[in-house]
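Since the structure comes first, as structure tokens, the remarks are kept for the end.
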Amino acid sequence: MDKKLTFAGGEPNINFDDILRTPNANRDALIDVFRAFGDNYIIYGVEGTTSITAGYIMLDGEIVEVDAHTKTDDYFVKVTTYESGGDKTFNDAVPRQTWQKNRATISASSGSLEYATAERLNERIVTLNKASSAEAAALTIDTKFITPKTLVDGLGRLTAEVEIGAWDMEDLSLVSVAHGIADFTKIREVDVVVRNDAGTIHYPLSLYNNGDMDGGVTEIGSTNFVLKCKPGGFFRTLDFSSGAFNRGWITIKYLP
């Protein structure tokens, strides 16, 4: 961003153009906000192949304006000039350039931000809220992205979700599933949903059938849940006999 320079020797007269400029304290605060998303990325605009449109980028932890220009290399570089309207003669009779103009162009052969691979702010915000299936599979309970599911509820509890994994419910009355919570004593609520082999209907594991509960969580251990379905019950049929896919999901509410 452009920057008003200060010197010893007494301030010059202030005109209306100076009043319109952003104070440096506000400039620094704005930069800190955008640094929450990283030090090198495209904020807005800056598009094209050889003719680059105007916009803003984060470059080495600083917000830098990009004027429309012709791309001559691969990396962004900051170019500093001084606005002539900011040339002032101070009270000590010394003329100084008081308004620094910082711009970025794609004209360097190396640097911190390469145009071809640069991420954009909207992509970084999406990354905070949505993981691809491959990324999600690699995450643990403690490293999941922030989403409405992982925000604390009104009771101060976090929410996590784990897959049950393969479970042939016709042949196996119980299955053990790792919950991933470091301190199992903080688990406060567990809800289990299973699906039939066709994947057409989802059921609560604690389904009531003819007045009896057909399944549920029978144990919450230090590392695993034990899930069970009742012999001769609703789930002990061919509709739930496959062991080749994820049977369902366990939603866990726990204290931080």
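Derivation of every value follows stated rules applied to the coordinates shown; laboratory data play no part. What you are looking at is a predicted structure, and each value in this text was computed from that prediction instead of being measured. Neighbour counts run over all protein chains shown; Cβ positions are idealised from the backbone, glycine included.
Which residues' amide hydrogens lie under 5 Å from the amide hydrogen of ALA104, considering only partners 5 or more residues apart or on another chain, with H built in the peptide plane?
Under 5 Å from the amide H of ALA104 lie the amide H atoms of GLU65, VAL66, ASP67, VAL79, each far enough along the sequence or on another chain.
Suppose a student asked you for the relative contact order of the range 150-229, using Cα pairs under 8 Å spaced at least 6 residues apart; what percent would you report?
29
Can you put TYR82, TYR115, TYR208 in order, fewest other beta carbons within 10 Å first?
With the sparsest Cβ surroundings first, the list reads TYR208, TYR82, TYR115.
Compute the Rg/Rh shape ratio of the range 167-256: radius of gyration over Kirkwood radius, all on alpha-carbon atoms.
0.98
Assuming 0.36 nm per residue, please report the length gained on full extension of the stretch ASN224 to ILE201 beyond their Cα-Cα distance.
Length gained between ASN224 and ILE201: 5.7 nm.
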